[in-house]
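Some notes on the structure that comes next.
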Amino acid sequence: MESTTDTRKKRDTSKKRLSVLDGAVRVFIENGYDASSMDRIAEEAGVSKRTVYNHFASKELLFQEIISSFLAERDRMKPIQYTHDLPLKEQLRRFAQAEIYLVDDPTRRGLSKLFTSVFLTDPALCAITRGRFSPHSELIRWLTAAKNDGSLNIPSPELAARLFYGMVEGCITWPATMTGGESLNYSAPILEELLDTFLLRYQTDTPHT
C-alpha cells in the first residue's frame, strides 16, 4: 500500500512537471524554439535547471512533449466513432471544432505558429509528428464507417479527409492564426457553408437524417 509520503512526493513531482511544461510553452512562444534555453525555461517555471532535466533529458524531448500534449487535447474533442443516430453534419462539426480549438485562444495560437515555424525548418520532425498525430486517421475511420452504413458515397475516404481538413485549415484555422484570432468572429457562417458543401458532395440521396 502506498504511503501518504509517497503520494505527496508523486503529487509534488507531477506539479513540478506541469510547471516545467507551462514555463516552456511561454518561453517557446516568446523566443522561438532555437532561441529558448533550458536555463530560461527553468527560470520561467520557477524551478531549478536540474529539476527541468530530471523530467526532460533535452530541449527536444521537452518540445516533443508539448506537441504531444497539445495535439492530444485536440484529439480528445473528436467523435470516437461514427454513429447512425446523430446527424452527419453535427458529427463532422466536432472534427472541425477540434481543429478550431487549436487556434481559438492566444496561447494555442502561439503554439500553432511556433510549431509551423519549426516544422518548416525541420521537415523530418514534421513528418514524425504527423505520423504520430495525423488529424486524418480518425476522420478516415469515421468516413469509412459512414460509407459502410450507406450515409455517404465516398470513393476514397483518404482523399475526402484531406479535402475536409484542407477546407477547415484554409478557410478558418489559417486565417485565425494570421489575424490573431480576429477572423474567428465571423467564422460561424463559413463553417456552416463548409459542412454543407462537403455533405453536398458526399451525402447519399437518401440520408438517414
*Test each condition in (1) loosely packed, with under 15 Cβ neighbours inside 10 Å; (2) of a type in the set (S, T, N, Q); (3) closer than 15 Å to Y202 by Cβ for T144 and report the one that comes out false.*
(1)
_Among the residues of the range 66-77, are any modelled with pLDDT of 90 or more and either under 23 Å from M167 (Cβ atoms) or among the hydrophobic types (A, V, I, L, M, F, W, C) (or both)?_
yes
_Single residue of the range 72-84 satisfying the filter (exposed (fewer than 12 other Cβ atoms within 10 Å of the Cβ) and of a type outside the set (A, V, I, L, M, F, W, C)) that is nearest to S137 (Cα to Cα)_ = Q81
*Mind listing just one residue for me: the one in the range 177-191 that is part of a helix (DSSP H, G or I) and under 18 Å from T116 (Cβ atoms) and, of those, farthest from the chain's Cα centre (by Cα)?*
S183
*Of all residues in the range 192-205, how many are outside any helix (DSSP H, G or I) and out of contact with any Gly (no Cβ under 7 Å at 6 or more places or on another chain)?*
2
*Counting only residues that are in a helix (DSSP H, G or I), out of contact with any Gly (no Cβ under 7 Å at 6 or more places or on another chain) and surrounded by 14 or more Cβ atoms within 10 Å (Cβ to Cβ), how many does the range 28-71 have?*
21
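The values are calculated or read from the model by the stated rules, or taken from the named source; none is laboratory data. Because the structure is predicted, anything quoted here is derived from the model rather than measured. Because the Cβ atoms are built from the backbone with ideal geometry, glycine has one as well, and the counts that use them run over all protein chains shown.
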